[in-house]
Every structure is written in structure tokens, then in C-alpha cells.
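A.B. asks: Structure provided below as C-alpha cells; questions to follow.
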Amino acid sequence: MKTLASPLLLLSALALSGPVSGCLAIKTEHEVKPIQITMDVNLKVDKELEKEIEQEKKAPPKHMAEIRAMGERGAIGMDNRGYIVARGELSEDERDIVEDANAKRRIRLGEIAESTGAKRADVERMRAEKMVEHLPAGAWYQDAAGAWKRK
């Protein structure tokens with residue numbers, strides 16, 4: 001009977017463990033994270049701004065001579081967004097020239113922002129930083145903090 005008791009014990013142990021083991025559950029959690037590829041928008045903007053600056057060198061804006069003259073006498077400067085601002089007295093014609101130049105610049109910077117997916121404010125800031133390199137000696141410009149400096 002010894003041999004019979006051992007299989008009975010085994011069967012009864014299995015019979016009792018069956019319902020208990022059915023209640024056990026193993027939960028696994030999987031978090032699926034999307035792979036994000038971040039393009040450096042600044043490189044795109046930088047490239048577009050370089051193109052714009054080169055185009056201005058090849059074909060200067062209509063009133064570039066007048067803008068340079070205003071800059072040489074300190075009547076205008078470039079703000080930290082890349083736009084021309086009055087720093088002294090301007091005639092009505094000179095104000096019109098500045099407004100026209102800034103309007104064209106706003107359009108172009110808006111196009112660059114749209115085509116690159118960058119924020120307009122970032123494009124403006126980057127243009128201002130780039131333009132400081134191209135300003136003639138003695139020109140006025142605003143630094144990033146808004147302080148006026150002379151090159």
C-alpha cells in the first residue's frame with residue numbers, strides 16, 4: 001500500500017493545487033514609446049538666412065544707399081530682432097524707407113519661419129545675431145539683452 005499512497009497523495013496535491021494555480025496571474029506591462037527624430041531646425045534657419053544675406057549682397061535693396069547713410073550718421077540702428085529702428089531724427093522720406101525695408105524683412109522672415117517650422121521670434125533673433133557680423137564699423141545694434149552697442 002505504500003506505493004499506492006504515494007500516487008494518491010500526488011494526485012490529491014495536484015487536484016488541490018489546480019484551482020489555486022488558476023487564480024494566479026502574471027501581469028506584464030509594456031510601455032510603447034514612439035521614437036522621435038528631432039531635426040535641428042536651427043540649421044535649416046541658418047542656411048536660409050545665409051541665402052538671404054548673400055542675395056542682399058548680390059542685389060542690395062532699393063534704398064540701401066540711403067539706409068547706409070542713415071546708419072553712418074547714427075540715425076538708425078538694428079534692434080535685437082533684426083529690424084531697423086530710429087535712433088535719431090529721420091525725415092518723413094527716411095521713415096518711409098525704414099518702414100518699407102522692415103516690412104519686406106518681416107515678410108521674408110515669416111517665409112523662413114514657415115518653411116523651416118521655426119518660431120518667427122527665433123528666426124528674427126538669429127537674423128539679428130548674423131547681421132551683427134555684416135554691419136559696418138560704427139553701426140549701432142542692440143545686443144540680446146536690449147543694450148545698444150556700437151560696432
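A.B. asks: Roll a 1.4 Å probe over the protein heavy atoms and report the accessible area of TRP148 in Å², nearest 10.
C.D. replies: 90
A.B. asks: What nm distance separates the two modelled labels at GLU133 and GLU111, each placed 7 Å from Cα along Cα→Cβ?
C.D. replies: About 2.2 nm separates the two model spin labels.
A.B. asks: Hey, rough spin-label estimate for ALA65 and ASP46, points 7 angstrom out along Cα→Cβ, what's it come to in nanometres?
C.D. replies: The modelled label-to-label distance comes out at 3.7 nm.
A.B. asks: Still on this structure, I have one more. Can you give the FRET efficiency for ALA145 and ARG95, using 1/(1 + (r/R0)^6), R0 = 35 Å, r = Cβ-Cβ distance, to the nearest 0.05?
C.D. replies: Details: r = 27 Å, r/R0 = 0.76.
Once rounded, the FRET efficiency stands at 0.85.
A.B. asks: Between ILE53 and ARG73, how high is the FRET efficiency from 1/(1 + (r/R0)^6) when r is the Cβ-Cβ distance and R₀ = 35 Å? Nearest 0.05.
C.D. replies: Working: r = 24 Å, r/R0 = 0.68.
According to the calculation, E is roughly 0.90.
A.B. asks: Next up: Could you go through segment 82-95 in sequence order and give the Karplus-derived ³J(HN,Hα) for each residue, using 6.51 cos²θ - 1.76 cosθ + 1.60 with θ = phi - 60°, rounded to whole Hz, and x for Gly and Pro?
C.D. replies: Couplings: x, 9, 7, 10, 6, 10, x, 6, 10, 6, 4, 4, 5, 4 Hz.
A.B. asks: Across segment 101-109, in residue order, what do the Karplus-derived ³J(HN,Hα) couplings come to in whole Hz, using 6.51 cos²θ - 1.76 cosθ + 1.60 with θ = phi - 60° and x for Gly and Pro?
C.D. replies: 4, 5, 4, 5, 5, 4, 4, 5, 5
A.B. asks: With +1 on each Lys and Arg Cβ and -1 on each Asp and Glu Cβ, and nothing else charged, work out how big the dipole of segment 25-151 is about its Cα centre, in Debye to the nearest 20. Could you put the intermediate results ahead of the total?
C.D. replies: Working: 25 positive and 26 negative charges, 51 e Å.
That gives a dipole near 240 debye.
A.B. asks: Moving on to the next point. So for segment 32-151, taking the charge dipole from beta-carbon charges (+1 Lys/Arg, -1 Asp/Glu), which of ASN42, MET131, ALA59 sits furthest toward the positive end?
C.D. replies: Ranked along the dipole, the leading option is ASN42.
A.B. asks: Could you provide, to the nearest whole Å², the per residue accessible area of segment 27-128 with probe 1.4 Å? Walk me through the numbers before you get to the answer.
C.D. replies: Working: 7130 Å² over 102 residues.
Result: 70 Å² of accessible area for each residue.
A.B. asks: Moving to a separate point now. So what are the ³J(HN,Hα) numbers for segment 58-69, from phi and the Karplus equation (6.51, -1.76, 1.60; θ = phi - 60°), rounded to whole Hz, Gly and Pro as x?
C.D. replies: 6, 9, x, x, 3, 10, 4, 4, 5, 5, 4, 4
A.B. asks: Straight-line reach from LYS130: which lysines have a Cα under 26 Å away, not including same-chain ones fewer than 8 places off?
C.D. replies: LYS44, LYS47, LYS51, LYS57, LYS58, LYS62, LYS104, LYS119, LYS149, LYS151
A.B. asks: Another question, if that's okay. Leaving out ligands, DNA and RNA, what percent of the accessible area of segment 39-112 is carbon and sulfur, probe 1.4 Å?
C.D. replies: Values: 2290 of 4560 Å².
Carbon and sulfur: 50 percent of the exposed surface of segment 39-112.
The values are calculated or read from the model by the stated rules, or taken from the named source; none is laboratory data. Remember, predicted model here, so these are calculated numbers, not experimental data. Don't worry about glycine lacking a Cβ; one is built from the backbone with ideal geometry, like all the others, and counts go over all protein chains shown. Protein only, heavy atoms only, side chains kept; ligands, DNA and RNA dropped before computing areas. Shrake-Rupley method; radii C 1.70, N 1.55, O 1.52, S 1.80 Å.
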